[in-house]
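Trainee: Okay, here's the structure, questions in a sec.
None of the figures in this text is laboratory data; all of them are computed from the coordinates on show. The structure presented is a predicted model; accordingly, all values stated were derived computationally and were not measured. All Cβ positions, glycine included, derive from the backbone under ideal geometry; neighbour counts span all protein chains shown.
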């Protein structure tokens, strides 16, 4: 998957991401979209989608968690990010490289039981697409599905 695919799926750029001084830094560029809840997001680095995720809470909170968890792991502090994932971050996002984070709200779906946002189902489908098109050593998701 690439930027054209993300645009086709109606995701928009919301932030830039890079590693500097052993810190993951996320610079928000779309202050409105990062306020979304029940959304999906994708990290595009080196022209390839390397991570797909979803957030029930506000996206800006999720992105701040990425900064903290990956920065902690980069500095050998306790973190939910496993060591092998941190090694991939360093390989995929070396010094001087910048990635782009795309996002959008999950689409509303109407069923006999009501309307809801299908962001988790969309996330699962997009993760599957990413695993088909991205070299496995460049994928930051730990599983092939949510």
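Trainee: Give the number of residues within the stretch 14-25 that are surrounded by fewer than 21 Cβ atoms within 10 Å (Cβ to Cβ) and either within 19 Å of residue 52 (Cβ to Cβ) or in contact (Cβ under 8 Å) with a residue 12 or more places away in the chain (or both).
Mentor: Qualifying residue count for the region: 6.
Trainee: All but one of (1) touching a residue at least 40 places away in the same chain (Cβ under 8 Å); (2) farther than 19 Å from residue 127 by Cα; (3) more than 13 Å from the chain's Cα centre (by Cα) hold for residue 46, so report the exception by its number.
Mentor: (2)
Trainee: When you look at residue 100, is it within 16 Å of residue 14 (Cβ to Cβ) and in contact (Cβ under 8 Å) with a residue 60 or more places away in the chain, yes or no?
Mentor: yes
Trainee: While we're on this one: Out of 41, 9, which single residue is in contact (Cβ under 8 Å) with a residue 12 or more places away in the chain, under 20 Å from residue 125 (Cα atoms) and surrounded by fewer than 22 Cβ atoms within 10 Å (Cβ to Cβ)?
Mentor: 9
Trainee: Residue by residue through the stretch 110-133, note down the ones that are farther than 17 Å from residue 8 by Cα, touching a residue at least 24 places away in the same chain (Cβ under 8 Å) and surrounded by fewer than 17 Cβ atoms within 10 Å (Cβ to Cβ).
Mentor: 120
Trainee: Which one is nearest to residue 6 (Cα to Cα), of the residues in the stretch 98-113 that are in a strand (DSSP E or B) and over 13 Å from the mean Cα position of the chain (by Cα)?
Mentor: 105
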